Amino acid sequence: MSPKTGKAKPHKPKGEKKKKEEKVLPTVIEITIETPDESQVTLKAISTDRILDVKKLLAVHVETCHMTNYSLSHEVRGPRLKDSVEVVSLKPFHLSMVEGNAF
């Protein structure tokens, strides 16, 4: 009787091991945010941050802590950025606060 095909696990050579992924260290990014009253705020974020983290930074910043109903827009990615968008993907690092419903 012949062996059944497809049920056995593929065999790895003994010398081959799984390579570890290189870890990239996070870097500091300066983000410029234009507020509705035409002033600019510069925040320092980390390259691993997301839009949600930027909103948290704006909530504790003295000049923008009173703004609660806004969304962030980007000249390339468009209006109403989702909270899960990574900051690194937003080049240039210039955002605008738009008053109104956040979502």
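Residues whose amide H comes within less than 5 Å of that of Leu95, counting only those at least five positions distant or on another chain, are Thr32, Ile33, Glu34 (H built at 1.01 Å from N in the peptide plane). Check which residues have an amide H placed less than 5 Å from Ile29's amide H, if you skip close sequence neighbours. Amide H neighbours of Ile29: Ala45, Ile46, Ser47. A cut-off under 15 angstrom between Cβ atoms defines the neighbours of Glu30, and their net charge, with Lys, Arg +1 and Asp, Glu -1, is -1. Taking every protein chain into account, the 1.4 Å probe leaves Lys56 with about 120 Å² of accessible area, to the nearest ten.
The values are calculated or read from the model by the stated rules, or taken from the named source; none is laboratory data. Quick caveat, the model's predicted, so the values are computed rather than measured. Cβ atoms come from the backbone with ideal geometry, glycine included; neighbour counts cover every protein chain shown. Surface accessibility is based on the protein's heavy atoms, side chains included, excluding ligands, DNA and RNA. Shrake-Rupley method; radii C 1.70, N 1.55, O 1.52, S 1.80 Å.
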